[in-house]
Amino acid sequence: MRFLPTDEQSDFARTLRSLLGSAQVPGAVRAWADGDAGPGRALWSRLAGTGLFALAVPEAYEGAGLLPPELSLGFVELGRAGVPGPVVESAAVSVLLAELADETLAKRFLPGLAQGESSATLTLPGGSPYALDADAATYCFTVSAAGELRLAGGAGGADPAGEPVRSTDPARRLSRPPAGGGELLAAGPAVARAAGAAGRWARLLTAAQCLGVGEALLARTVEYAKQRTQFGTPIGTFQAVKHRLADTLLDLEFARPLVWAAALSLGPGEVAAAKLAAGEASYRAALTALQIHGAVGYTEELDLSLWLRKARPLRDAWGTPSACRAEVLRSLTPPRR
C-alpha cells in the first residue's frame, strides 16, 4: 500500500504552504500570545478561502465532506508555519456536531465553522480540563462525563473569574470552562459516541501538527548548521552534528506513514500510534534544534523559539505519550472470550 498524497492533495498542501509563507505568521503568533487575536483571525480568513476548514464539515452544511487525509495534510502545513489558535479544536467540534446528527445544531454552527467565520474550542471527559484559547474562540463547547454537550459561551466564554493557566507555549492560552454551566445543547449516549469520534480526529490532527512542527525545526536547524562556523568550518560538516540531524530526520520520516495510515483508517490504535510517533519525533527535533543552536536558541527574539515552545505542549495535547501507548496496547490485545 502506498501512503503517498495524490497530485491533487499535493497541490493543496503546496497552496497552503505558499499562502502561509507569505502571511507573516510569526508576527501573528506573537500578537496572539500578547492577547491580540486580530492578525490571527485575519490569517484564519485567508486559510478559510482555501477550503481547509470545510474538510471537517459535511457537504449538507456548506462543507466539503469529512476528509481526514486532506485535512491532515493541511494540518502538517499549519504546524510547519506555527499557526496559532484552536484549529484542532474547531475541526473536532465540526466532527462532533456532524456525528451527533442533530440538524438544528448542525445548521446553527457548522456553516460558520466551515467558512472560517467562527472558531471553537472543546474539552472532553478524560482529556485536559483546560480549554484552549477560549478568550479568542467564538464558541466554547464542553462534554461532561455524564454525556452532556454544553455551550459555555462565546469569545471569553471560559470562567471570567478564573485566572488563565500558563502554558509552555505563550500562544496556547489555557483556561478552565465553568463546570456544568452554559447552554445545554444535547445529552445522552449519542453525545458520548460523537465525542469519541471528535477526540480521535483531534488526536490525528494534533499528530499532523506535530509532524509539521518537527519538520520546521529540522529545516531551520539544518540551515543554521550550514551557516554557523567553528574552527573555520560550518558545524554541519561535523560528524556528530550530521548524526544528530540524520536521527531527527529518521524519526520524522518514520512518523509520517503512521499519520497517513491513521488518516485513512481513523482506528483508535492507529491514531494513537501516529500521535505517539509524531509527538515524540517533534519533541526530539526541538531538543536537537536547541542543542545545535546553542545559547541563541533560548532567545525569544529568534523565531525558532515559536516552534520550540510548541513541541512539548503539542506532544501532550489530545493524548500524552503514556495514554497513546496504552491505547496502542489495547488495540493489539485480543478480546477475552
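How many of the residues making up region 257-266 are in contact (Cβ under 8 Å) with a residue 12 or more places away in the chain and open to solvent by 20 Å² or more (accessible area, probe 1.4 Å)?
Looking only at that region, the number is 5.
Could you grab me the full set of residues in region 61-92 that are acidic (Asp, Glu), more than 13 Å from TRP201 (Cα to Cα) and open to solvent by less than 20 Å² (accessible area, probe 1.4 Å)?
Taking region 61-92 first, the residues acidic (Asp, Glu) are 62, 70, 77, 89.
Still in the running and more than 13 Å from TRP201 (Cα to Cα): 62, 77.
GLU77 - this is the single residue of region 61-92 that is acidic (Asp, Glu), more than 13 Å from TRP201 (Cα to Cα) and open to solvent by less than 20 Å² (accessible area, probe 1.4 Å).
What number of residues within region 303-337 satisfy the criterion of being at positive phi and over 18 Å from the mean Cα position of the chain (by Cα)? I'd like the intermediate steps shown before the answer.
The first filter runs over region 303-337 and keeps only residues at positive phi, leaving 318-319.
Next, only the ones that are over 18 Å from the mean Cα position of the chain (by Cα) stay: none.
So the answer is 0.
Looking at ALA273, is it open to solvent by less than 50 Å² (accessible area, probe 1.4 Å), closer than 30 Å to ALA33 by Cα and either modelled with pLDDT of 95 or more or not in a helix (DSSP H, G or I) (or both)?
When the stated conditions are applied, ALA273 does not pass them.
Within region 301-335, which residues are in contact with a helix residue (DSSP H, G or I) (Cβ under 9 Å, 6 or more places away or on another chain) and of a type in the set (Asp, Glu)?
ASP303, ASP316, GLU327
Tally time: how many residues in region 297-327 are part of a helix (DSSP H, G or I) and either open to solvent by 50 Å² or more (accessible area, probe 1.4 Å) or closer than 26 Å to VAL88 by Cα (or both)?
Summing the residues that are part of a helix (DSSP H, G or I) and either open to solvent by 50 Å² or more (accessible area, probe 1.4 Å) or closer than 26 Å to VAL88 by Cα (or both) in region 297-327 gives 21.
Quick check on my filter: what residues within region 214-256 are assigned to a strand (DSSP E or B) and either touching a Ser or Thr at 6+ places or on another chain (Cβ under 7 Å) or loosely packed, with under 12 Cβ neighbours inside 10 Å (or both)?
Step one: of region 214-256, the residues assigned to a strand (DSSP E or B) are 229-230, 233-234.
Matches in region 214-256: THR229, GLN230, THR233.
Name the strands (runs of 3 or more DSSP E) wholly within region 133-192 that hold at least 3 residues that are of a type in the set (A, V, I, L, M), at negative phi and modelled with pLDDT of 85 or more?
So the answer is 183-187.
Sort through ARG30, ARG14 and tell me the only one that's more than 24 Å from LEU113 (Cβ to Cβ) and crowded, with 16+ Cβ neighbours inside 10 Å.
Numbers: ARG14 fails: crowded, with 16+ Cβ neighbours inside 10 Å.
Selected residue: ARG30, the only one of ARG30, ARG14 that is more than 24 Å from LEU113 (Cβ to Cβ) and crowded, with 16+ Cβ neighbours inside 10 Å.
Just the residues that are under 23 Å from the mean Cα position of the chain (by Cα) and either open to solvent by less than 10 Å² (accessible area, probe 1.4 Å) or small (Gly, Ala, Ser) (or both), please, taken from region 279-296.
Residues satisfying the conditions are GLY279, ALA281, SER282, ALA285, ALA286, THR288, ALA289.
Would you confirm, using the coordinates I've provided, whether ARG30 is in contact (Cβ under 8 Å) with a residue 60 or more places away in the chain, charged (D, E, K, R) and more than 20 Å from LEU204 (Cα to Cα)?
The answer is yes for ARG30.
Only one of ALA92, ALA101, ALA114, ALA81 is of a type in the set (A, V, I, L, M, F, W, C) and within 16 Å of ALA190 (Cβ to Cβ). Can you tell me which?
On the way: ALA92 fails: within 16 Å of ALA190 (Cβ to Cβ); ALA114 fails: within 16 Å of ALA190 (Cβ to Cβ); ALA81 fails: within 16 Å of ALA190 (Cβ to Cβ).
Selected residue: ALA101, the only one of ALA92, ALA101, ALA114, ALA81 that is of a type in the set (A, V, I, L, M, F, W, C) and within 16 Å of ALA190 (Cβ to Cβ).
The values are calculated or read from the model by the stated rules, or taken from the named source; none is laboratory data. These numbers come from a predicted model, not from an experiment. Note: ideal-geometry Cβ built from the backbone for every residue, glycine included; neighbour counts use all protein chains shown. Keep in mind that these areas ignore ligands, DNA and RNA; they rest on the heavy atoms of the full protein, side chains included. Shrake-Rupley method; radii C 1.70, N 1.55, O 1.52, S 1.80 Å.
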